[in-house]
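A quick write-up on the structure given underneath.
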Amino acid sequence: MHVEFLLEEPSAEAALGLLLPKLLPAGTRFELRNLHDKGNLLSNLQNRLRGLASQQIPDLRIVVLVDRDDSSCQLLKQKLEDTAAAVGLPTKSSANGGSFVVLNRIAIEELEAWFFGDVEALRAAYPKVPATLGSQARYRDPDAIVGGTWEALERVLQGKGYHRGGLQKIKAAKEIAAHMDPARNRSRSFRVFMEGLAAL
């Protein structure tokens, strides 16, 4: 199997480069395509899907991962689903348990929620972060952090003396993802992402 990942940002590329060997079966080939921002990914998605389909790569699967940000999750997911349908590629949602080519997934609210979902990994990268972080009310549900997830991560890390000049998202993604254990992640959107990969 060959899996193409279409991503909206370099920090997702950095994190998945370290996480995917833990999530995909041994021997799975994958390629990470960083499209640099969400607008670019969404506006060029149909052409990207069409181009990949035309290459007739054996056992090709495509994973599209975007941040929800402030978008409606349902509307964003429908846009992704409609784009794949326009190219004639079945998605996990449209296949009703059958075989599919495209897996559309949304990080809620942003990729950084996945880091909050694994406090142990966060602390392994940044030891001054308190072990009790995950039990604090505002961080208990990683996908429901208010006011921007990356901003919250920046506040937590800066409060402990890290990333004083501003959150270096790629650096943080690499440092945290290197310690992540997918099985213990509390982010629901991360677990749904893992389930989707397993269904591939």
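For the reader, a short list of remarks on this structure follows.
- Of all residues in region 127-140, at least one satisfies being loosely packed, with under 14 Cβ neighbours inside 10 Å, within 27 Å of Asn104 (Cα to Cα) and more than 15 Å from the chain's Cα centre (by Cα).
- Verdict on Ala144 being more than 11 Å from Phe115 (Cβ to Cβ) and free of Cβ contacts under 8 Å to residues at least 24 places away in the same chain: yes
- From Ser54, Ser71, residue being surrounded by fewer than 18 Cβ atoms within 10 Å (Cβ to Cβ), of a type outside the set (D, E, K, R) and over 30 Å from Glu175 (Cβ atoms): Ser54
- Those helices (runs of 4 or more DSSP H) lying entirely in region 51-136 with at least 1 residues under 30 Å from Val156 (Cα atoms): 73-87, 112-116, 119-125
- Flag for Gly148 being surrounded by fewer than 21 Cβ atoms within 10 Å (Cβ to Cβ) and among the small types (Gly, Ala, Ser): yes
- For Met180: the one exception among (1) modelled with pLDDT of 95 or more; (2) outside any helix (DSSP H, G or I); (3) surrounded by fewer than 19 Cβ atoms within 10 Å (Cβ to Cβ): (3)
- Boolean, Lys77 is without any contact (Cβ under 8 Å) to a residue 40 or more places away in the chain, buried (at least 16 other Cβ atoms within 10 Å of the Cβ) and either within 14 Å of Phe193 (Cα to Cα) or aromatic (Phe, Trp, Tyr) (or both): yes
- Residues located in region 122-179, provided they are charged (D, E, K, R) and closer than 18 Å to Glu13 by Cα: Lys169, Lys171, Lys174, Glu175
- Restricting region 25-49 to residues that are without any contact (Cβ under 8 Å) to a residue 12 or more places away in the chain and polar (S, T, N, Q) leaves a set whose member that is surrounded by the most Cβ atoms within 10 Å (Cβ to Cβ) is Asn44.
The values are calculated or read from the model by the stated rules, or taken from the named source; none is laboratory data. None of the values given here were measured: they were computed from a predicted structure. Neighbour counts run over all protein chains shown; Cβ positions are idealised from the backbone, glycine included.
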